[in-house]
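> Take a look at the following structure, please.
The values are calculated or read from the model by the stated rules, or taken from the named source; none is laboratory data. Just so it is clear, the model here is predicted, and its values are computed rather than measured. Don't worry about glycine lacking a Cβ; one is built from the backbone with ideal geometry, like all the others, and counts go over all protein chains shown.
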Amino acid sequence: MGSRGDKRVLEANGRAVLGIETSCDETAAAVVTQTGEILSNIVMSQIEEHRPYGGVVPEIAARAHVDVIDGLVARAMEEAGLGFADLAAVAATAGPGLIGGVLVGLMTGKAIAAAAGRPFIAVNHLEGHALSVRLTEAVGFPYLMLLVSGGHCQLLVVEGVGRYRRLGTTIDDALGEAFDKTAKILALGYPGGPLVEKAALRGDATRFALPRPMVGRAGCDFSFSGLKTAVRRAYESLGDAATDQDRADICAAFQAAAGDVVADRVAHALDSVAQDYPHTARTLVVAGGVAANSYIRSQLEDVAGAAGFALKAPPPRLCTDNGAMIAWAGVERLSLGLTDPLSTPARARWPLDPAAAPAPGAGVKA
Ligand code: KG4
Ligand code: ZN
């Protein structure tokens, strides 16, 4: 913890950005300096509140954000050893996400910016994920980004701050959502991703033949809803007698199928980036909660390696939703003079590439 007199604080004074994130089921606040030092990064998860329902309940999420946001921001500032007046700017997620939750963080950020007389920056949550790798590593533009979370599944070329080209998106479920639904069908618990991964370790991936939607097709779009239906059918075929081993085998088959889909789609994207961007640094960046999955990660390493690309991922605590990625997006935008009026609205839908067709997993799911 810093005190107002220490050197770190003096250096950060006027060069740090407060970032606030409330778009889904994590309330988060962080202070990051313009040189990328994370002075504080506090994430409060609502998993326990939502667990009885097996998924995120929007009203419960919004209320839970309201309950904790003030205290959380105060803690983030205290840990950073700064007062609001010491900040260079205040950044908050303005969408996409659950609108009730987005409003809580957005209003809080605006109020602090107004009271402290500091610039306000309205951050697209997806831009937060897209730029977070640059907080910990020197990755230059353009790079290919695979964003795989509970709500999003897309492949984007990050050409620069605020400049994104979507190469592919899911046309139905997000990858994390497919993991969560598989866990729900098998009654493993919530959130499902880590539970499916754990069960898959004990499973035989070859026992159940599951489909690989989109594999072999042109382009980079994903689809997971057919895979989820196949998981349900496989499970139902076992009747009431399903054992733990049966469930583990289905998890292994699901994960193998999902991994094949991801590898195939990403391979297409790598090809098109290599062709369209001759000066790319040949970096594939993966972020979002599913990036924590070791199997998916190893598939990505293989496919990136085969195309001559390096796989980079932010550390796990910056891969899942957090305030540091919002603060950092704020730092990047501030350095380009990109600030926003206090009248900026909250947006349930906010795709990063406005020219791409609307799709469920690309920032347009309400
Ligand atoms: O990025 P995130 O924390 O929140 C958003 O959805 O924005 O991602 C959460 C998602 C959930 O669907 C969760 O099941 C999935 O990421 N996830 C995983 C793993 N850990 C988290 N999926 C597969 N394997 C994992 N180990
Ligand atoms: Zn997210």
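> Return the total of residues in the stretch 187-225 being more than 19 Å from residue 246 (Cα to Cα) and away from ligand 1 (no atom under 11 Å from the Cβ).
Residues flagged as more than 19 Å from residue 246 (Cα to Cα) and away from ligand 1 (no atom under 11 Å from the Cβ) within the stretch 187-225 amount to 14.
> Determine whether residue 71 is in a helix (DSSP H, G or I), over 21 Å from the mean Cα position of the chain (by Cα), at negative phi and among the small types (Gly, Ala, Ser).
Values: in a helix (DSSP H, G or I): yes; over 21 Å from the mean Cα position of the chain (by Cα): yes; at negative phi: yes; among the small types (Gly, Ala, Ser): yes.
Yes.
> Which one of these does residue 149 not meet: (1) at pLDDT 95 or above; (2) small (Gly, Ala, Ser); (3) crowded, with 17+ Cβ neighbours inside 10 Å; (4) under 24 Å from residue 264 (Cβ atoms)?
Going through (1) at pLDDT 95 or above; (2) small (Gly, Ala, Ser); (3) crowded, with 17+ Cβ neighbours inside 10 Å; (4) under 24 Å from residue 264 (Cβ atoms) one by one, residue 149 breaks only (1).
> Name the single residue that is nearest to ligand 1 (Cβ to nearest atom) among those in the stretch 172-186 being of a type in the set (A, V, I, L, M, F, W, C) and part of a helix (DSSP H, G or I). Walk me through how you get there before you give the answer.
Pass one, the stretch 172-186, residues of a type in the set (A, V, I, L, M, F, W, C): 174-175, 178-179, 183, 185-186.
If we keep only those that are part of a helix (DSSP H, G or I) as well, we get 175, 178-179, 183, 185.
On the way: 175: 7, 178: 8, 179: 4, 183: 7, 185: 14 Å.
Once the filter is applied, the top-ranked residue is 179.
> Being closer than 16 Å to residue 17 by Cα and within 16 Å of ligand 2 (Cβ to nearest atom): is that true of residue 135 here? Before you say what the answer is, go through the steps one by one.
Working: closer than 16 Å to residue 17 by Cα: yes; within 16 Å of ligand 2 (Cβ to nearest atom): yes.
The answer is yes for residue 135.
> Would you call residue 57 surrounded by fewer than 22 Cβ atoms within 10 Å (Cβ to Cβ), among the aliphatic types (A, V, I, L, M) and without any contact (Cβ under 8 Å) to a residue 40 or more places away in the chain? Even if it seems obvious, please write down each step before you answer.
On the way: surrounded by fewer than 22 Cβ atoms within 10 Å (Cβ to Cβ): yes; among the aliphatic types (A, V, I, L, M): yes; without any contact (Cβ under 8 Å) to a residue 40 or more places away in the chain: yes.
Yes, satisfied.
> Which residues, counting only those in the stretch 187-237, are closer than 12 Å to residue 251 by Cα, part of a loop (DSSP other than H, G, I, E, B) and acidic (Asp, Glu)?
204
> Right, next: Does residue 95 count as touching a Phe, Trp or Tyr at 6+ places or on another chain (Cβ under 7 Å), of a type outside the set (Lys, Arg) and away from ligand 2 (no atom under 16 Å from the Cβ)?
Numbers: touching a Phe, Trp or Tyr at 6+ places or on another chain (Cβ under 7 Å): yes; of a type outside the set (Lys, Arg): yes; away from ligand 2 (no atom under 16 Å from the Cβ): no.
No, not satisfied.
> Just to be sure I understand, how many residues within the stretch 74-103 are touching a strand residue (DSSP E or B) at 6+ places or on another chain (Cβ under 8 Å), aliphatic (A, V, I, L, M) and in a helix (DSSP H, G or I)?
Within the stretch 74-103, residues that are touching a strand residue (DSSP E or B) at 6+ places or on another chain (Cβ under 8 Å), aliphatic (A, V, I, L, M) and in a helix (DSSP H, G or I) number 4.
> Would you pick out the residues in the stretch 30-67 that are among the β-branched types (Val, Ile, Thr) and out of contact with any Phe, Trp or Tyr (no Cβ under 7 Å at 6 or more places or on another chain)? Reasoning before the result, please.
First, pick out the residues of the stretch 30-67 that are among the β-branched types (Val, Ile, Thr): 31-33, 35, 38, 42-43, 47, 56-57, 60, 66.
The answer is 31, 33, 35, 38, 42, 43, 47, 56, 57, 60, 66.
> Output yes when any residue across the stretch 242-258 is more than 16 Å from ligand 2 (Cβ to nearest atom), modelled with pLDDT under 95, over 23 Å from residue 164 (Cα atoms) and surrounded by fewer than 16 Cβ atoms within 10 Å (Cβ to Cβ), and no when none is.
Within the stretch 242-258, not a single residue is more than 16 Å from ligand 2 (Cβ to nearest atom), modelled with pLDDT under 95, over 23 Å from residue 164 (Cα atoms) and surrounded by fewer than 16 Cβ atoms within 10 Å (Cβ to Cβ).
> Let me ask another. Cβ-Cβ below 6 Å, separation at least six or inter-chain, first residue in the stretch 263-280 and at pLDDT 95 or above, second aromatic (Phe, Trp, Tyr): which pairs?
265/222; 270/309
> Exactly one of (1) among the polar types (S, T, N, Q); (2) over 15 Å from residue 143 (Cβ atoms); (3) touching a Gly at 6+ places or on another chain (Cβ under 9 Å) is unmet by residue 294. Its number?
All conditions pass for residue 294, except number (3).
> Right, here's the next one. Give just the number: which of (1) over 19 Å from the mean Cα position of the chain (by Cα); (2) in a helix (DSSP H, G or I); (3) closer than 30 Å to residue 305 by Cβ does residue 138 not satisfy?
Unmet condition: (2).
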